[in-house]
Every structure is written in C-alpha cells, then in structure tokens.
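The values are calculated or read from the model by the stated rules, or taken from the named source; none is laboratory data. None of the values given here were measured: they were computed from a predicted structure. A quick note on method: Cβ atoms are made from the backbone with ideal geometry, for glycine too, and the neighbour counts reach across all protein chains shown.
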Amino acid sequence: MSEKYDFNKVEKKWQDYWYSNHIFEVKEDPSKPKFYALIEFPYPSGAGLHVGHIRAFSSMEVIARKKRLEGYNVLFPIGYDAFGLPTENYAMATKQHPRKVTDENIAKFTGQLKEVGYSFDWSRVVDTTDPDYYKWTQWIFLQLFKKGLAYKATTTVNFCPKCKVVLANEESQGGVCDRCGSEVVQKEKDVWFLRIRNYAERLLKGLEKVNFPERIKTEQQNWIGRSEGADVTFTVRFDGGEYPLVVYTTRPDTIFGATFLVVSPEHPLLKEHFDKVVNKAEIEEYQRQAKLKKEFDRIQVNKDKTGIKVEGMYAVNPITGTEIPVFTADYVMMDYGTGAIMAVPAHDQRDWDFAKKFSLPIIEVIKSDVDVQQEPYCAKEGAGVMVNSDFLNGLKVKPAIKKMIEYMEAKGVGKAKVDYKMKDWAFNRQRYWGEPIPIINCPHCGQVPVPENELPLRLPDLKDFTPTDDGTSPLSKCTDWVNTVCPVCGAPAKRETDTMPQWAGSSWYFLRYESPRDPDHAVNPDANRYWGQVDWYNGGMEHVTRHLIYSRFWNQFLYDIGVVKDEEPYIRRSAQGLILGSDGEKMSKSRGNVVNPDDVVKQYGADVLRLFILFIGDYEKPAPWSQEGIKGCNRFRQRFWGLVDMVSDKADTSDLNLDALIKKVGDDYEACKFNTAIAQIMTALNTVYARGSLTKKEFNTLCLLLYPVAPHITSEMYERLNGGAKIDRASFPTYDPAKLTADTVEIPVQLMGKLRGRVTVAAGATEADVLAAAKEAGLIGDQEIVKTIYVPDKILNVVVRR
RNA sequence: GCCGAAGUGGUGGAAUGGCAGACGCGGCGGACUCAAAAUCCGCUGAGGGAUGACCUCGUGCGGGUUCAAGUCCCGCCUUCGGCACCA
C-alpha cells in the first residue's frame, strides 16, 4: 500500500519541476503547429486572486495542457493590466507610490497563480505600467493620431466630483460613478476621442468570420447599433432667410405623416440663426435647463415630454411642400443622427406623446386597426400598407422606404444613410496612474506628437498625485514636466497632461505577448507571422462590449498600417459564468460570502480547487460555491490516488470502453464541458473500483485524461508507474473510431412510445433480431403490429392496433 | 420598448428528437470503531401496489407536430443579461 497522498509535498515538487525547468516557455518552432490560448490578464488588485479568476483561467489551462500533449507548440501567456483607479486610490489612501503598490500586488498575484499550478509561460509576462510596454501603447496612439483617428473635441462629459475624473457613459450608468457611486455631474471639457465609429462597419462585418458564441455577437451588434435610414433635408424658413436642416430618419416612407420637426436644445440652428427667433428668452431658459440635467435624467424613458416651440421659424417638408412648426425638445439627442428629427406622431410613441401634449396634428400614413388619435401605431418593420401618402399609397413599408429614398435622391432632398449608436471612444482621464498621452500643445503648431524616438514618454515621479478640484490631471502640477519645447518649431510649449483610460493597455497586450521584449517593434513581424491570431480567448461577459470591441478595433487598425498580419485578433472566444457565493448571491465583502482561493489551496490543494471549479456546473453559466461540493472533489482525488495500488495484468477490461471514454473526455474539454468530462472520469473510476483492478494502459489513460485538470497528482502517479517518466512528455490518448461501440448493446423497447423493457443484443443487430428478442422477452404481446421504428443500437418502438 | 439566454429531484446539474434525472452534494440504512471522524457498501423523483421483477404521473403553464418531445412549432408566465427618448 502506498503512503497517503500528501498534496502539499507533491504539488510543491511538480511546481518546482515546471517552473525551474521552464517547461511551459515556448519559442517559435516551425516544425510544430502553434496554438495560442489566451485568458484576460488580471487587474492586480490588493485583494489578490479571486475564485472568479480561477474559473476564468482554468478553461484555457485545460486546453493549453491538452494541446501540448497533442503536439502543439502552445503559447499560454500571462500579464497584468496594472494601470487604474483602485491602485491609485489605495496608494493615495496609504501614502505610497502606485508603482510600489503595483509591484507588490503583481508579486502577490504571481505567487498565487503559481500555487495553483497554472502552465503559463512566465518568461513573457507583460505589465501595462512598464515603460517598455507603454512606450508601444503610446506609439500606437501616435499612429492613430497621425491617421486622423485621434482628435480632441469639446463636449459635455460625465464628471465624478468625488473621483475627480471624467467618466465614459458606460462608466456612469444610472447617473452614478462606476467606481465610487457618487452622483455624476455634467461638465464642459476638452476630450480626446478615437474614431472607432470609422471602424463600426468592419467591426460588424468581422463578426461573420469569427467563432464567438451568438450571445456575444448579439451584444456587440447591439452595442454598435447599426441602423439604415436616410438624411432628409428640410428647409427652415424665417423672416428674411432660409436654412437647410437635415434630419435623420429610419422611416423616410412616413414623411407624409411628419407634422412637426424637433431639434435638440444643443442644435446649431438655435445658435446660428438665433436672432431670428421670437421667443429667445424662453428657449435660452430651456437650453439652460437641459444642460443642467444629467445624462441620466435626460434619457429616462417614459418621462413627460418637454419642449418649446421655436417661434418665428417653420420648416418646409421637402416632399409635400407643407409648412410645419419647429420645436426644440430634450428627447432629441445631439449626438445621434443629426440632432434633428421629423416627427411622425401617428407612428412613434415619443412623437405621439409630444404631439398630444402640444396639441399637434396626427396624420395616419400606415393603415392599421388602431385609431392613431388614441394611440400610435408603431409597426414593426414590414407590417402595414401606406395611406395618405400620395405615390406611396398601397405599398408595403419596405418597398415604400426604397421608393421614397430613390425619389429623394433624384430630387436631391435626401439620401440613404447608415448610422450607428456606438459613439467615438473618449480616450482620456484626468488621473496620474495611466499612460501619458504623448502630445505637445504648441501655441504655433497646435497639437504636435512627441517624436517617436523620445518614447516612452515616462510618467514623472510625482509626490502628490491627488487630482485637482477643477478636474485637470495631477500631471498639470508637475511644471518641469509640462513645460517643454515644440518639437517642430522649438517654441515653448506644454505637454498634454491627461492620461489614457484603462482600456488602452488591454487593447493590444495579446499582441505584445508574441514578442514581449522586442525593443524595436510593438509586435515583432516574425513572431507575429508564426503566432498570428489568438486561437482561443476566454474571458468575462462584462468585457464583451468594451474591451473586446476596443481590442478588435486596435487590431484592425494595426492590420491597416501593416503591423499585424490578421484583421481579426481572436479566432474563438468563450466566456465563463460568474462564481456566486454559497448563498447564491454575487460574492462581495459586504455579504461576507467571499471565498479566497488561497484558503482552498491550503486546505485541499490546487488540484482539488481546479477540479471543483470546473466540475461545479455549466462553464458558461453562473454557479454557486459549495463547501460540500469541494469535499466531493477531495474524495474523488483520494480515490483516484488509490489507482496506484490497483494496477494488474489480469484486470478484466470488458466493462470499460477506453476508446469511448477518450473521445467523450477529449470532445468535452474542447467544448468547454468540463463538468461532464470530469463526470465521465468519475464514472470510469467507479467502474474500476467495482472490479478492483485496472491495466497499466487504463491507468495511464486515466492519468492523461485527468492531467489537464489535475496536473500535480497525475504527474506524480504517472511518474511512479512509468519508471520516472514525465507525463508532460507523453501524448494525449487517441481512440479508434471503430471501437466506440461495445459488442453487445441494451436496446430499450417501447410500445406506442412507452418504455416496456430492454433487450440485450449484439451490436448492429437487425430490426428483426431485436423484435424477435423483444417478443421472446414478453415485452410485446400478439397484437397486430402496425409499424415498427428501429434506430440501430439505440431504440425499438412498436406501434400496434388498439 | 427592442434583442438575447434560461426555467428539470431536497440540491449543483446530465440528456445529436430516441431509456429523463448521468456525475457530484445532501439524506437514509448498513459495515468498520469503545465512540466519533474518515473510509467502504446499499438505497434515495412523486404516488400506488403485497414495499416486488408491476403500474401511473412527472422537465414553468396551455395547445400542437411526431411512432417518440426536457429537446421542434404556436401562445403565455417567471427569472436573469444586454441595448435604450437611438429618430
């Protein structure tokens, strides 16, 4: 009898072996096929590794270990997304430098990850806060700038008065700051933007050729929000003048029902021709009110419509020539479409609400059962027939849209246009702990890029990096750094003091992994030629619409300028579900239901933690932690260890189909069905225990199948029974497709679709054989058989006359 | 409002249209033990039957297609996620 399994000793032994012998470090090797497995690199927070990380990383860990056994040259890198607010806030609170905090956190994460036994290539670690890394983040920004894809504009922004930072819309949802929960206010600000909208169509198109789950594609499509419509030019007339006013509509067919026109309070019409407006004071007051409102209030659905008629102006419908009134209302947004709409109250809820409130006419242009004076008929696309619409009458909606656009284009009053909900990417933050934006503001030359040979533009070593009250970056306090000379004309100039958002560094890190130390390229061309795209990327659903789109955008841009060879960065993407507390709620400190992976490793070891996190349930769905469930995996490991003493030449192998087991486990791993893969191995283990012995071949197969999940114990077991051989040098077992079915099969027999019993027959038995066997077993009487359905080796169903 | 995913025992969850509940947890009973823990063995959807090898019911609800439906179709309910005064 072998000694009891000592997980502490064994796990330490194998981790030492892996890491000190650099087993998982890889080089380009044209003799082997490559496989690039990627996990989202963690943000090294002070809290350390979370069980959510374990679930997120373990899928690619299994795939990486399996692919290596299958002969692939596997790139499985790790790094740290280390710029960001929590570190900076913690550093301020504890009066330390963020650099020090970051280094400590990274060291902590590294230690924890190694204790779990992950097979990362530790020679390729990247850290987004390392100047050798952010040098290239800045370089990519400069390429974007040079191509006109980075620009500065004044807009109102969401500002968090507590964090003293400008927030993107997605970081201030519900009108509160993502980070601290404070109420967000609106503020005028110069903001850097990246023109991601220029890539909207390609980001959509690219989804057709990648293997992402449908839900991820759908979320990205919604985020991009493509809509087909038309720009239609109305003429605004006022005392002594005319002004072309372009509205955007997805329903140009309904223009005969347009009874008024609405412009956003920020619309240029109300600036450029404001002197023609009769009720100036009233409108100015409304504009002031709109500005005060936070984004949150303004986009509240179903709230009362407000607005003011623009007196002294009216608009001419370019199709009918009819004059209609012009309003300004805050339900029209300046940053979508053209900031102006033609209102068709009969067929749009918002326009209808507004028309009712201001007693405006409602003209039906799509026939329906509803009385549009009582409620709008908001037909889904394609439903209904045009009425009251002159030459469109009798047409269905779709052909009517087509005909109207053709008509407008011929008349020169409108043209087809595709628009996107996605906005340009606000690309700056007023914080210290981020990549400095490498731009110099010269009074003569304007925005001048920092020369590339001066990159990295390092963060100055500030003592006080608390944000300023007026919302400018703490870097502005460092005058030595801010004051410089213009690289073009030599005049005194000032550096840009904003830093990049946290999404910057993570938008291209997967490319840096391919040549992490190359001093001359962001991505080494030879390395990129070999490693190419990420074959499989796993991460969280929460990053699907930001990180995943941003990084696809950067990759497409880098493709356009010839830096990388592939247009899409990721071939396949999967997403793990959340690990919940044992109470079924999201883990959080305040609920006190947080599980620390360190504690689990201490108590049960890494293999049990890895087993449990993968066995817990459907990988893509949320699953609650269970302290009892962990015990079950510990039991399984003990039983698995017991196999060491059960190997025998005389074992009867007839009850275990190894080929089928290999296929099932291998296929399940590839499909992220780790729970059923492990269940299959458990079943096989139960079979072996029931018989009391197993062959050497069975032993090695079971070890190899479980190795990707539980590498420590399987490495030890394999070594012991194979004369010191290392399992990581072995090959993943293969199966013979001809042997997947057993010699005899048990066929369920149904009568009228209801189970009557089972008969055992030789595999491949004919319908007549099975029917005869069923009759002999008394499962079928002597009723008249109308019909039989036989699925070979699967089922027999007999239909009889009643 | 629009889009998407999901609803299965006490519980986490399995089931290319073909034996519903694999595997695990928990529970019950037994073995070992002075005893407990650990371990091992057996049982464990509900109801009925003589507690048996038998029958009936059963995958959110109501219909339908099919020899056969957790799975496909139609109509609902509930939960979760995404987008959202998006023209």
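In the set A:774, A:763, which member is surrounded by fewer than 15 Cβ atoms within 10 Å (Cβ to Cβ), away from RNA strand B (no atom under 12 Å from the Cβ) and under 56 Å from the mean Cα position of the chain (by Cα)?
Residue meeting the stated conditions: A:763.
Which one of the conditions (1) near RNA strand B (Cβ under 10 Å from one of its atoms); (2) without any contact (Cβ under 8 Å) to a residue 40 or more places away in the chain does residue A:654 fail to meet, given that it meets all the rest?
Every condition holds for residue A:654 apart from (1).
Does region A:574-583 hold any residues that are crowded, with 20+ Cβ neighbours inside 10 Å and charged (D, E, K, R), and which are they?
none
If you scan region A:580-593, which residues turn out to be without any contact (Cβ under 8 Å) to a residue 60 or more places away in the chain and touching a helix residue (DSSP H, G or I) at 6+ places or on another chain (Cβ under 9 Å)?
A:582
Within region A:97-106, which residues are over 27 Å from the mean Cα position of the chain (by Cα) and assigned to a helix (DSSP H, G or I)?
A:98, A:99, A:100, A:101, A:103, A:104
Hey, any hits in region A:324-347 for a residue that's within 30 Å of residue A:288 (Cβ to Cβ) and charged (D, E, K, R)?
Yes, that holds for at least one residue.
So, in region A:686-703, exactly how many residues are within 11 Å of RNA strand B (Cβ to nearest atom) and of a type in the set (Lys, Arg)?
1
Does at least one position in region A:504-522 carry a residue that is touching a residue at least 40 places away in the same chain (Cβ under 8 Å), within 16 Å of RNA strand B (Cβ to nearest atom), over 16 Å from residue A:42 (Cα atoms) and not charged (D, E, K, R)?
no
Looking at (1) closer than 24 Å to residue A:144 by Cα; (2) assigned to a helix (DSSP H, G or I); (3) touching a strand residue (DSSP E or B) at 6+ places or on another chain (Cβ under 8 Å), which is the only condition residue A:511 fails?
(3)
Answer yes or no as to whether residue A:574 is under 17 Å from residue A:52 (Cβ atoms) and part of a loop (DSSP other than H, G, I, E, B).
When the stated conditions are applied, residue A:574 does not pass them.
Give me the pairs: first residue in region A:193-222 and within 18 Å of residue A:421 (Cβ to Cβ) and in contact (Cβ under 8 Å) with a residue 12 or more places away in the chain, second residue among the aromatic types (Phe, Trp, Tyr) and in a helix (DSSP H, G or I), beta-carbon distance under 7 Å, and six or more apart or on different chains, which are they?
Close Cβ pairs satisfying both conditions: A:196/A:553; A:199/A:553; A:203/A:553.
For region A:330-340, does any single residue satisfy the condition of being more than 8 Å from RNA strand B (Cβ to nearest atom) and either assigned to a loop (DSSP other than H, G, I, E, B) or farther than 19 Å from residue A:228 by Cβ (or both)?
There is no residue in region A:330-340 that is more than 8 Å from RNA strand B (Cβ to nearest atom) and either assigned to a loop (DSSP other than H, G, I, E, B) or farther than 19 Å from residue A:228 by Cβ (or both).
Being of a type in the set (A, V, I, L, M, F, W, C) and within 12 Å of RNA strand B (Cβ to nearest atom) is the filter; apply it to region A:367-394 and report the residue that is surrounded by the fewest Cβ atoms within 10 Å (Cβ to Cβ).
Looking at the filtered set, the residue picked out is A:383.
Mind listing just one residue for me: the one in region A:436-463 that is touching a helix residue (DSSP H, G or I) at 6+ places or on another chain (Cβ under 7 Å) and without any contact (Cβ under 8 Å) to a residue 40 or more places away in the chain and, of those, nearest to residue A:93 (Cα to Cα)?
A:462
When you go through A:83, A:57, A:141 one by one, which is the residue that is crowded, with 20+ Cβ neighbours inside 10 Å, outside any helix (DSSP H, G or I) and of a type in the set (Phe, Trp, Tyr)?
None of the other options fit; the residue is A:83.
Looking only at region A:210-219, decide whether some residue is farther than 29 Å from residue A:403 by Cα and aliphatic (A, V, I, L, M).
yes
Examine region A:665-685 for a residue that is touching a residue at least 12 places away in the same chain (Cβ under 8 Å), more than 13 Å from RNA strand B (Cβ to nearest atom), within 16 Å of residue A:734 (Cα to Cα) and touching an Asp or Glu at 6+ places or on another chain (Cβ under 8 Å), and state whether such a residue exists.
Checking region A:665-685: not a single residue is touching a residue at least 12 places away in the same chain (Cβ under 8 Å), more than 13 Å from RNA strand B (Cβ to nearest atom), within 16 Å of residue A:734 (Cα to Cα) and touching an Asp or Glu at 6+ places or on another chain (Cβ under 8 Å).
Since residue A:162 meets every condition but one in (1) surrounded by fewer than 20 Cβ atoms within 10 Å (Cβ to Cβ); (2) at pLDDT 70 or above; (3) closer than 21 Å to residue A:333 by Cβ, which condition does it not meet?
With respect to (1) surrounded by fewer than 20 Cβ atoms within 10 Å (Cβ to Cβ); (2) at pLDDT 70 or above; (3) closer than 21 Å to residue A:333 by Cβ, residue A:162 is out only on (3).
Does residue A:643 count as within 13 Å of RNA strand B (Cβ to nearest atom) and modelled with pLDDT under 95?
yes
Being free of Cβ contacts under 8 Å to residues at least 40 places away in the same chain and either under 29 Å from the mean Cα position of the chain (by Cα) or more than 11 Å from RNA strand B (Cβ to nearest atom) (or both) is true for just one of A:599, A:649, A:618, A:659. Which residue is that?
A:599
Any idea how many residues of region A:539-571 are aliphatic (A, V, I, L, M) and either in a helix (DSSP H, G or I) or surrounded by fewer than 19 Cβ atoms within 10 Å (Cβ to Cβ) (or both)?
6
State whether one or more residues within region A:217-227 are touching a Phe, Trp or Tyr at 6+ places or on another chain (Cβ under 8 Å) and away from RNA strand B (no atom under 16 Å from the Cβ).
No, because not a single residue in region A:217-227 is touching a Phe, Trp or Tyr at 6+ places or on another chain (Cβ under 8 Å) and away from RNA strand B (no atom under 16 Å from the Cβ).
Consider residue A:364 against the criteria (1) touching a residue at least 60 places away in the same chain (Cβ under 8 Å); (2) within 12 Å of RNA strand B (Cβ to nearest atom); (3) farther than 20 Å from residue A:413 by Cβ; (4) buried (at least 16 other Cβ atoms within 10 Å of the Cβ): it satisfies all of them except one. Which criterion is unmet?
Just one mismatch for residue A:364, condition (2).
Which fully enclosed helices (runs of 4 or more DSSP H) of region A:694-802 have 2 or more residues being farther than 22 Å from residue A:69 by Cα and of a type in the set (D, E, K, R)?
So the answer is A:767-776.
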